[in-house]
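The values are calculated or read from the model by the stated rules, or taken from the named source; none is laboratory data. This is a predicted model, so every value here is computed, not measured. Neighbour counts run over all protein chains shown; Cβ positions are idealised from the backbone, glycine included.
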Amino acid sequence: MHDIHAANQMLKTALEYAEKNNCKKINSITIELGKVVEHDELIMPENLKYNIGLISKNTIAEDCEIIIISKDNNKLNLVEIDGV
């Protein structure tokens with residue numbers, strides 16, 4: 001669970017954006033993920049998806065699609081939120 005912090009950051013940013021834009025439901029979150037190390041371990045796409053799904057329960061992002069785009073860098077960026 002070393003990447004729960006990264007998942008929390010991504011979800012928090014998505015929820016803040018949704019609130020500012022009066023979204024009632026987040027349908028998808030698109031993230032670019034490079035070779036990011038957190039707590040001496042590489043963040044894996046499947047773990048990031050799982051953790052966002054876990055912590056998004058009872059929020060407007062619950063059950064949203066998490067799209068991870070692999071990048072050849074060392075960055076983690078939230079690039080798109082689709083909501084209504």
Quick check on this structure: which one of M1, M10 is modelled with pLDDT under 95 and touching a helix residue (DSSP H, G or I) at 6+ places or on another chain (Cβ under 8 Å)? M1
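Return the residue satisfying two criteria in turn: it lies in segment 1-31 and is charged (D, E, K, R) and more than 10 Å from the chain's Cα centre (by Cα), and of such residues it is nearest to K49 (Cα to Cα). Please lay out each step first, then the result.
Taking segment 1-31 and keeping what is charged (D, E, K, R), we get 3, 12, 16, 19-20, 24-25.
The next check asks that each one be more than 10 Å from the chain's Cα centre (by Cα); those that pass are 3, 16, 19-20, 24-25.
Details: D3: 10, E16: 19, E19: 22, K20: 24, K24: 21, K25: 18 Å.
Taking the candidates together, the pick is D3.
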The correct count of residues that are without any contact (Cβ under 8 Å) to a residue 12 or more places away in the chain and assigned to a loop (DSSP other than H, G, I, E, B) in segment 1-22 is 1
The residue that is farthest from N22 (Cα to Cα), considering only those in segment 40-84 that are β-branched (V, I, T), in contact with a helix residue (DSSP H, G or I) (Cβ under 8 Å, 6 or more places away or on another chain) and part of a loop (DSSP other than H, G, I, E, B), is I43
Tally up the residues in segment 23-64 that are exposed (fewer than 12 other Cβ atoms within 10 Å of the Cβ), in contact (Cβ under 8 Å) with a residue 24 or more places away in the chain and under 18 Å from V84 (Cβ atoms), please. 1
